[in-house]
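Student: Questions regarding the structure given below will be posed in turn.
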Amino acid sequence: MKVTFPHLGSLSLVLSGLFANLGLEVIPPPPISKRTIDLGVLHAPEFACLPLKINLGNFIEALELGADTIVMGGGTGPCRFGYYAQVQREILQDLGFKFQMIVLEPPQGQLSELVDKLMLLCGDKRPLQILQAVYTAWCKIKALDKLHREVLRHRAFEEEKGATTKAYEKGLSYLQQARTPAEVRAGLRKALALLTQAKQKEKKDALRVGLIGEVYMLLEPYANLQVEKLLGEMGVVVERSVYLSAWIKEHLILSSMRLPGGLATKRAAAKYIKYFVGGHGRETVGDMVRYARRGFDGVIHILPFTCTPEIVAQSILPVVSRQEGIPYLSLSLDEQSGEAGLITRLEAFLDLLQQRRRKSLSRAFKFATS
Amino acid sequence: MSFSVGIPRALLYYYYFPAWQAFFQTLGAEIVLSDETTKHILDQGVRAAVEETCLPVKLFLGHVANLCEKNVDFIFIPRVVSVERKKYLCPKFLGLPEIVRHCLPNLPEILTPEINWGQREGKTLAELKKLAARFCHEPGSFHRALQAALTAQKLYEAKLRQGLTPQEVLHNEKAPLPAGNIRVAVLGHAYNLNDSFLSLNLLKKLRALGAEVITAEMLPAQAIAKGVKSLVKESFWTFGHQLLGVGNYLLRENKIAGLVLVASFGCGPDSLICELIERFYKRQRNVPVLLLTLDEHTGEAGIITRLEAFVDMLYWRKAR
């Protein structure tokens, strides 16, 4: 069995390690490239969202390298993601590939459904070994998230452009090699040390921008045209609203015990939307409210073109923006989006944020001197 | 107390209007429908919505705006989450009241009971009861209204099974003669197909070309169940499930000469469901498929040309 999976940010480091620890042969898809997207666009339905197309490209490239088992996430609706695997399977079959697809669905009520499917992958491993492998993967996810948060905080103040990104990539390779929780911890320490070694400018007055929107688009830098890096190198402190560890906690662990998660976000959204609208729509609204209340200068909303739950959120954001007093930029991205256009829009948005700051400062000054 | 409830002539109107009408009339309400779709109504919706919203939701906003001009006391926009177990409606129906509230100014009060039949039957009934209690204090009025609604809905669905389209039943039009030399299935959401403005009278045009038209509503639930048997995993959208089931059933039972798939631009569920249906048909290689995508720029001439060419081809195949 040669296992592969779709890319999602740095998830491939985690899954490669997990499957290797389970004694499986892993063939990770090649890093997402222009070819990946072209392949996905060629064979996927035209109006499917970008994540489906990139996933499909990943699968095709991995199958070409000899993979024969695809591990994919599923869902119970109403977001389209839950039905991706079904469509992708048919497309790949029509293309003549021979493979099996294991679709991990979030448990509806019982965690055991998920465990059964995982057992398919685990074969003859003992429960203790499996538990150890899963625990290591979990530690790695948390370490990756921690490292990423620090990177976003550091990048805005880097002295030499690109130094933070370089340190981040080095740090990722430390974590990739880690096979046990102890090694993960040591790797994280080393990576964080590397990050703080990079020279920093004086920290003052940077704009603060929150990233909100659809999960895949936020987590996968290739899909969002590296918006975090672009913003960071323009001197903006960025905070991302979604992290894999928090997402897993809420959607896999808490929901399987029928416990609600993400309460603070839901409470913040309640004034505008009280109900689940599929996908991440309600959270998007809640995250925007929370960034506004924390005094952020602005938020950037990222969604894949035609994403239904996010369009519901998009209809509400103008009202949130007016009532909470926070500007936002909504970016609907697909395979046609280009970096140059994005940079222009980001620069214009940041100019606007700077102006607002100056205005409110001068108003405060007038008030103090009158 | 007399009061008027406005119902937009769009989206779920085509699925559940008879039930809603019976429910509110039993409670003593006057029902006010928005006007039939015009360019002006659609434009109103297009202006109010964020640009990426799908066509039927834009049109819905236009109809709500139209109702506002009619000075109704309430507008009924239920939050329909699910109508059966383990299935949802499209996310846009889940957030429809919010979309309306945040896109249109100066609305009358909106009635938005949550209909979540698949997961919370008790809560759904409680919400409807609360709604009924606001308007009619007579004991037992809620149950009478609910019964009337269910009966009306059953009657409506029975009529659809006889081969009438929702438009024909709701507008009391005469059924067409069952003439037609070739059978063509038209699969798409009822709110697109039955709005004569959106669909540019697609169904009537096909009939005029001599085709006998079948739509998803005309088939019984057993047909859908038969159709989805071969799927690894059923769709979790009620309408997607219906389309997939009917599409597969008609293909397997060899019931039709051609299939017209109608999707609206940017429809999330349709992007996947239509893809699957198209693939299943292509594999069999004996029933041609025409895929029409509707948006606010769709021109009548283009649709007519494509339909004529498609029907011509079906005749040609039949003669051969």
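Student: Using per-residue counts of other Cβ atoms within 10 Å, averaged over each peptide, order B:267-277, B:65-75 from highest down.
Tutor: Highest-to-lowest ranking by the protection proxy: B:267-277, B:65-75.
Student: If I build a Gaussian network model for chain A, linking alpha-carbon pairs within less than 10 angstrom, which residue out of A:301, A:154, A:251 has the largest mean-square fluctuation?
Tutor: Checking each option, the largest mean-square fluctuation is seen for A:251.
Student: Related question: So how strong a dipole does the stretch B:155-267 carry about its Cα centre when Lys and Arg Cβ are +1 and Asp and Glu Cβ are -1, to the nearest 20 debye?
Tutor: Here the stretch B:155-267 has a charge dipole of around 280 debye.
Student: Enumerate the lysines that residue B:255 could reach by cross-link, defined here as Cα to Cα under 23 Å, with residues fewer than 8 away along the same chain left out.
Tutor: B:159, B:204, B:205, B:226, B:229, B:282, B:318
Student: OK, next. Tell me, what is the percent relative contact order of the stretch A:206-369, built from C-alpha pairs under 8 Å that lie six or more residues apart?
Tutor: 26 percent.
Student: Nearest 20 debye, what's the magnitude of the dipole of the protein assembly as shown about its Cα centre given +1 on Lys and Arg Cβ and -1 on Asp and Glu Cβ?
Tutor: Approximately 1520 debye in magnitude.
Student: Tell me, B:237, B:316, A:247 in order of fewest to most beta-carbon neighbours within 10 Å?
Tutor: Ascending number of Cβ neighbours within 10 Å: B:316, A:247, B:237.
Student: Can you tell me which aspartates and glutamates have their Cα less than 18 Å from the Cα of residue A:190? Leave out same-chain residues fewer than eight positions away.
Tutor: Cα-Cα hits under 18 Å: A:145, A:150, A:169.
Student: In nanometres, what is the gap between the two model label sites at residue A:160 and residue B:43, each 7 Å from Cα along Cα-to-Cβ?
Tutor: 6.1 nm
Student: Moving on. Can you sort A:302, B:31 so the residue with the fewest Cβ neighbours within 10 Å comes first?
Tutor: Ascending Cβ contact count within 10 Å gives the list B:31, A:302.
Student: Scan chain B and note any complete DSSP helix (H) whose C-alpha atoms cover at least 15 Å along its axis and whose Kyte-Doolittle average is -0.5 or more.
Tutor: B:13-26, B:55-69, B:121-135, B:141-161, B:238-252, B:300-319
Student: Could you order the peptides B:187-198, A:131-142 from most to least packed, using the average number of other C-beta atoms within 10 Å per residue?
Tutor: In decreasing order of mean packing, B:187-198, A:131-142 become B:187-198, A:131-142.
Student: Hey, if you put +1 on the Cβ of every Lys and Arg and -1 on every Asp and Glu Cβ in the stretch A:206-369, which of A:309, A:264, A:328 ends up farthest toward the positive end of that dipole?
Tutor: A:264
Student: Which peptide among B:147-154, B:12-19 comes first, and what is the full order, when sorted by highest mean count of other Cβ atoms within 10 Å?
Tutor: B:12-19, B:147-154
Student: First measure r as the distance between the Cβ atoms of residue B:25 and residue A:359, then evaluate 1/(1 + (r/R0)^6) with R0 = 41 Å and state the FRET efficiency to the nearest 0.05.
Tutor: So, using R0 = 41 Å, E works out to roughly 0.15.
Student: Filter the DSSP H helices in chain A by two things, a Kyte-Doolittle mean of at least -1.0 and an axial alpha-carbon span of 30 angstrom or more, and list the hits by number.
Tutor: A:127-155, A:339-369
Student: Given a Förster radius of 41 Å and the C-beta distance between residue B:225 and residue A:42 as r, what FRET efficiency does 1/(1 + (r/R0)^6) yield to the nearest 0.05?
Tutor: That gives a FRET efficiency of 0.75.
Student: Peptide A:273-283: average number of partner chain Cβ atoms within 10 Å per residue?
Tutor: Average per residue, whole number: 5.
Student: Sticking with this one: What distance in nm separates the simple spin-label points at residue B:233 and residue B:296, each placed 7 Å from Cα in the Cβ direction?
Tutor: Output for this residue pair reads 3.5 nm.
Student: Could you tell me how far the Cα centroid of the stretch B:197-230 sits from the Cα centroid of the stretch B:261-320, in Å?
Tutor: 13 Å
Student: Also: Would you tell me the mean number of C-beta atoms belonging to other protein chains that fall within 10 Å of each C-beta in A:298-308, as a whole number?
Tutor: 3
Student: Follow-up. Find the lysine pairs in the stretch A:2-124 meeting two conditions, Cα atoms under 23 Å apart and a separation of 8 or more places or different chains, and report how many there are.
Tutor: Number of lysine pairs found: 6.
Student: Also, quick follow-up: Before rounding to the nearest 500, sum -39500 (n - 2.57) across all DSSP H runs of length at least 4 in chain B and divide by the residue total; then give [θ] at 222 nm in deg cm²/dmol.
Tutor: Taking each H run of at least 4 residues, the total per residue is -15500 deg cm²/dmol.
Student: To check you understand DSSP bridge types, tell me what percent of the beta bridges within chain A (both residues inside) are antiparallel, rounded to 5.
Tutor: Of all bridge pairs located within chain A, approximately 5 percent are antiparallel.
Student: Express in nm, to one decimal, how much length is gained between residue A:248 and residue A:233 on full extension, taking 0.36 nm for each residue of separation and deducting their alpha carbon distance.
Tutor: 2.4 nm
Student: Would you work out which of A:127, A:151, A:71 lies farthest towards the positive end of the dipole of the stretch A:1-160, given +1 charges on the beta-carbon of Lys and Arg and -1 on that of Asp and Glu, about the Cα centre?
Tutor: A:127
Student: Let me ask something else about it. Work out the charge dipole of chain B with +1 on the Cβ of Lys and Arg and -1 on the Cβ of Asp and Glu about the Cα centre, then indicate which of B:10, B:46, B:193 is farthest towards its positive end.
Tutor: Value computed over the given set: B:193.
Student: Distance between the C-alpha centers of the stretch A:1-28 and the stretch A:54-119? Whole Å please.
Tutor: 14 Å
Student: Per-residue mean of other chain beta-carbon atoms within 10 angstrom of the beta-carbon, peptide A:72-81?
Tutor: Per-residue shielding by partner chains comes out at 5.
Student: About its Cα centre, how strong a charge dipole does the stretch A:1-144 have in debye, to the nearest 20, once Lys and Arg get +1 and Asp and Glu get -1 at the Cβ?
Tutor: That gives a dipole near 380 debye.
Student: Relative contact order of chain A, please, whole-number percent, based on alpha carbon pairs below 8 angstrom and at least 6 residues apart.
Tutor: Reported as a whole number, the value is 15 percent.
Student: Using a Cα-Cα cut-off of under 19 Å, which lysines could be cross-linked to residue B:39, ignoring same-chain neighbours fewer than 8 residues away?
Tutor: Hits, sequence-local ones excluded: B:58, B:70.
Student: Taking the number of other C-beta atoms within 10 Å as the exposure measure, put B:313, A:72, A:234 in order starting with the fewest.
Tutor: Taking fewest neighbouring Cβ atoms as first place, the list is B:313, A:234, A:72.
Student: Can you tell me, using C-alpha contacts under 8 Å and at least 6 residues apart, the relative contact order of chain B as a whole percent?
Tutor: 17 percent
Here, each number is a calculation from the coordinates, and none is a lab measurement. As the structure is a computational prediction, the values presented were derived from the model and not from experiment. All Cβ positions, glycine included, derive from the backbone under ideal geometry; neighbour counts span all protein chains shown.
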